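The values are calculated or read from the model by the stated rules, or taken from the named source; none is laboratory data. Worth saying up front: this structure is predicted, and the values here are computed from it rather than measured. Glycine gets a Cβ as well: all are built from the backbone with ideal geometry, and neighbour counts include every protein chain shown.
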C-alpha cells in the first residue's frame, strides 16, 4: 500500500497508474478504523481496479472543539488494517495540505432543509465543514466511485446533493451499517464508552427496531407518535440523554405526517451516553 501525504504526490502517482486502472474507488474516513470502514474498502475492491482510503480528522466539521480534541487517532493501527485489506493507496494529508489558504469556507452550498434539520439543528456548521472537506478530497482523489456508510445517513444525503450541485462525475454508493453483536452501530466513538455504557448504548438500536415494528403493524402512523414511543422506551435509562428520535422520508428528510407512505422512510436517533454522542438509523421499506 502506498501512503501519500500531498495532492501533488497523489496526482503524480495517478499519472503512472491511471492507464492500468479503469476505475478508482474512494472511502474517505477520519481514522480510528473499524469493521464499518473496512467494509467500504472491501466493496471498493469488488468494483474498482484501484481503491483509495483517506484519513483526515477535519477540524471544520466539529462544532465542539472539545469533541475534536477527544476524537480517537490510531494511525499505526489504521495503516495495519488497510494493509491487511490490501488497500492500494492511503491518502494521509495534514491540515496545511487540505487548507493551504486557511479554514474559511467561501464556497458554501445551500443544501436547504436537508442540512438544517436533525444533525443540522443540533450541530450548527457541521455540514458546512463536512461538505467543504469532502469536496476538497473528491477534487484531490478524483474517484469514479465514492463509498460512505449508512450510519451517517444525513451526511451521505448531503454528499449526494454536493455531487449533483457541483456536477461531479462521481457515483455515490451508501453501504450498510456494520453492527456489534449487541446491535450497536460500529463507530470510532464507541472506544470512549466504558463496558456499562456499551451495554446501555445497545438500547438505541433496540428502540429503533421496536418502533419500526410498531410502524410495520400500523400502530404508529406519524413522526410525533414515533418520537413519543421512543421517548417512553428510553426514559427508563437515566444515562441516555436523547437528543432526537424521528421518522423521516428518505428523499427529503421531511417528517411523516400520516400513512400509508408511497416511498421509503427512515428512523433516526441521536443520543448522549457517558459523555459520548452516538447516532444510528434503520430504513423502513
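General observations
- Where residue 272 falls short, out of the listed (1) surrounded by fewer than 16 Cβ atoms within 10 Å (Cβ to Cβ); (2) over 16 Å from residue 186 (Cα atoms); (3) at pLDDT 95 or above: (2)
- Just so you know, in segment 233-254 the residues that are part of a loop (DSSP other than H, G, I, E, B) and over 24 Å from the mean Cα position of the chain (by Cα) include one that is nearest to residue 193 (Cα to Cα), and it is 239.
- Checked against the criterion of being more than 14 Å from the chain's Cα centre (by Cα) and either in a helix (DSSP H, G or I) or assigned by TED's automatic domain parsing to the domain that holds residue 87 (or both), the candidates 38, 33, 14 yield just one match: 14.
- The set of residues in segment 183-195 that are assigned to a helix (DSSP H, G or I) and either free of Cβ contacts under 8 Å to residues at least 24 places away in the same chain or under 19 Å from residue 281 (Cβ atoms) (or both) comprises 188, 189, 190, 195.
Table: residues versus (1) under 30 Å from residue 4 (Cβ atoms); (2) touching a residue at least 40 places away in the same chain (Cβ under 8 Å); (3) outside the structural domain of residue 227 (by TED's automatic domain parsing).
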{"position": "96", "(1), (2), (3)": "yes, no, yes"}
{"position": "100", "(1), (2), (3)": "yes, no, yes"}
{"position": "107", "(1), (2), (3)": "yes, no, yes"}
{"position": "122", "(1), (2), (3)": "no, yes, yes"}
{"position": "128", "(1), (2), (3)": "yes, yes, yes"}
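- The residues of segment 34-52 that are surrounded by 14 or more Cβ atoms within 10 Å (Cβ to Cβ), out of contact with any strand residue (DSSP E or B) (no Cβ under 7 Å at 6 or more places or on another chain) and in contact (Cβ under 8 Å) with a residue 60 or more places away in the chain amount to a single one, 34.
- Being in a helix (DSSP H, G or I), crowded, with 18+ Cβ neighbours inside 10 Å and either touching a residue at least 12 places away in the same chain (Cβ under 8 Å) or touching a helix residue (DSSP H, G or I) at 6+ places or on another chain (Cβ under 8 Å) (or both) holds for only one residue in 158, 177, and it is 158.
- Note on segment 255-274: among residues that are assigned to a strand (DSSP E or B) and under 14 Å from residue 225 (Cβ atoms), the one that is farthest from the chain's Cα centre (by Cα) is 255.
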